[in-house]
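Chemist: So that we are looking at the same thing, I have put the structure below in structure tokens.
Just so you know, all these numbers are worked out from the coordinates, no wet-lab data involved. Note that the structure is a prediction, hence the values are computed from the model and not measured. Virtual Cβ from ideal backbone geometry, glycine too; neighbours counted across all protein chains shown.
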Amino acid sequence: MYHEHPFDSHFEIGGGYTYHKLVRNNDGSWTTDDNNRVKFNLNVDPDYKDAIGGCNMSFKDSIARGYTHDKSDLDNVELTGFFNVHKPTKNDGIYLRGPCNHHDRSDHLGCEEFSYDCETNCNSLHEHSEVKHTKQSPNKYYDDPAGVKTIIPHIILAGHGWFGIKYVHMILSHDINHPKVKLEQWMNFNGDGKTWIKVNEVIDTRSYKWGPKAICAGKDYEVGAWGGPRMVYKWYREDVDFKWFSCRQIEPNLLKLI
């Protein structure tokens, strides 16, 4: 995100939004003029519309091909943002999502609705904040079977001040018979952008039994081992300042050496 003029051909207002403009804060960060429904899309292809196959996207074909729109789709990706939550959040807090696809149908039943995300719940001034991973596939959200996790070290994020969230999506196996995806969430609690602590991770395989039975030409508990052209930031009914949004492709083989 270019901080002087955040919106460009790649970074845009997301669907279902209620705000009309961004408001610059005195410290250079941003907020929105309406916090009821805030959503941002980051598109690799500014002209992106539908996944290959559109509403009939095939999970089987997507795994075999490795992407859902174009070879430039994000597959191993790190999405980062910094937030200052002034009041307790609603719903499941701050969502970082992707790689995913655009979908126009109002019933949201198309298979291109598939995605993973990390959710950071900061909905209390008294109870410790929590995190979880979810899988959307399609029109339903399936929580990680490991459940919601309290952030360690314990922290109350509402009213805390600036903190960073880093969501990491890595495809560990493109094998159509044994796909494997690893998700991680890291947090920077003092807002300096330097000191990161991993607060959650999950490895998704079909044997992990996360999500629905076979749909969209996929198998039971399909694993999203393919790339997509879009990443998303989203929150509902919250008083949130934000800054330092960034997205980059990563090399998971290097992370294995750490």
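Chemist: How much mean residue ellipticity at 222 nm does the chain get from its helices, if each DSSP H run of length 4 or more adds -39500 (n - 2.57) and you divide by all residues, to the nearest 500 deg cm²/dmol? If you can, show how the numbers build up before the last one.
Modeler: Details: 2 runs with 11 residues, N = 258.
My calculation for the chain gives -1000 deg cm²/dmol from helical runs alone.
Chemist: May I ask you to evaluate 6.51 cos²θ - 1.76 cosθ + 1.60, the Karplus curve with θ = phi - 60°, for each residue of the range 62-73 and list the ³J(HN,Hα) values in order in whole Hz, giving x for glycine and proline?
Modeler: For the range 62-73, the Karplus curve yields 5, 5, 5, 7, x, 7, 10, 10, 7, 4, 7, 4 Hz.
Chemist: Same structure, new question: Full extension from LYS90 to LYS140: what is 0.36 nm times the residue separation minus their Cα-Cα distance, to one decimal in nm?
Modeler: 16.1 nm
Chemist: I've got another one for you. Which residues' amide hydrogens lie under 5 Å from the amide hydrogen of LEU172, considering only partners 5 or more residues apart or on another chain, with H built in the peptide plane?
Modeler: Distant-sequence amide H within range of LEU172: LYS180, VAL181, LYS182.
Chemist: Right, here's the next one. The list (1) 60, 46, 41; (2) 74, 39, 30; (3) 50, 37, 34 gives values of Cα extents along the principal axes in Å, and only one came from this structure; which label was calculated from it?
Modeler: Given (1) 60, 46, 41; (2) 74, 39, 30; (3) 50, 37, 34, the calculated one carries the label (3).
Chemist: Using only Cα atoms, locate the centre of the range 119-178 and the centre of the range 1-48, then give the distance between them in Å, rounded to an integer.
Modeler: With the range 119-178 and the range 1-48 each reduced to a Cα centre, they are spaced 22 Å.
Chemist: Next question, about the same structure. Only residues of the range 61-85 count here: report those whose backbone N is under 13 Å from the spot 7 Å along Cα→Cβ of TRP244, or say none.
Modeler: Within reach of a label on TRP244: 80-84.
Chemist: Only Cα pairs within less than 10 Å get springs; with that Gaussian network setup on the chain, which residue of THR205, THR31, THR195 has the largest fluctuation?
Modeler: Ranking THR205, THR31, THR195 by mean-square fluctuation puts THR195 first.
Chemist: Over the Cα atoms of the range 1-143, what radius of gyration and what Dmax do you get, in Å?
Modeler: Spelled out, the Cα radius of gyration and Dmax of the range 1-143 are 16.5, 49 Å.
Chemist: Would you pull out the residues with amide H under 5 Å of ILE52's amide H, same chain only if 5 or more places away, H placed 1.01 Å from N?
Modeler: So ILE52 has HN proximity to HIS69.
Chemist: Ok, one more. Kindly write out, for the range 24-40 in residue order, the coupling ³J(HN,Hα) from the Karplus curve 6.51 cos²θ - 1.76 cosθ + 1.60 (θ = phi - 60°), rounded to whole Hz, with x marking Gly and Pro.
Modeler: Ordered by residue, 3J(HN,Hα) equals 7, 8, 4, 8, x, 6, 10, 9, 10, 7, 8, 9, 5, 9, 10, 8, 10 Hz.
Chemist: Still on this structure, I have one more. With a Förster radius of 41 Å, plug the Cβ-Cβ distance of ASP27 and ARG65 into 1/(1 + (r/R0)^6) and report the FRET value to the nearest 0.05. Intermediate values should be presented prior to the final figure.
Modeler: On the way: r = 44 Å, r/R0 = 1.08.
Using R0 = 41 Å, I get an efficiency of 0.40.
Chemist: Another question, if that's okay. Using 7 Å Cα-to-Cβ label points, what is the ARG237/ASP50 separation (nm, one decimal)?
Modeler: In this crude label model, ARG237 to ASP50 measures out at 3.4 nm.
Chemist: Of LYS166/LYS213; LYS132/LYS194; LYS39/LYS132, which sit over 28 Å apart, Cα to Cα?
Modeler: Beyond 28 Å: LYS166/LYS213.
Chemist: Report relative contact order for the chain in percent, whole number only (criteria: Cα-Cα under 8 Å, sequence separation at least 6).
Modeler: For the chain, the relative contact order is 28 percent.
Chemist: Going by Cα centres, the range 194-258 and the range 54-91 are how many Å apart?
Modeler: Result: 7 Å between the Cα centres.
Chemist: Quick check on packing: order 135-143, 182-190 by the mean number of other C-beta atoms within 10 Å, highest mean leading.
Modeler: Working: 135-143: 16.8, 182-190: 18.9.
So the peptides 135-143, 182-190, ranked by packing, come out 182-190, 135-143.
Chemist: Connecting C-alpha atoms closer than 10 Å in a GNM of the chain, tell me which of ALA146, ALA158, ALA51 has the biggest fluctuation.
Modeler: The residue that fluctuates most here is ALA146.
Chemist: To continue, here is another question. Listed highest first by mean packing, meaning other Cβ atoms within 10 Å per residue, what order do 232-238, 33-39, 92-98 come in? Write down the numbers at each step before the final one.
Modeler: Details: 232-238: 20.9, 33-39: 16.0, 92-98: 23.3.
Order by mean packing, descending: 92-98, 232-238, 33-39.
Chemist: Connecting C-alpha atoms closer than 10 Å in a GNM of the chain, tell me which of VAL44, VAL77, VAL23 has the biggest fluctuation.
Modeler: It is VAL23.
Chemist: Moving on. Could you give the length gained on full extension between HIS3 and TYR19, defined as 0.36 nm per residue of separation minus the Cα-Cα distance, in nm?
Modeler: 3.9 nm
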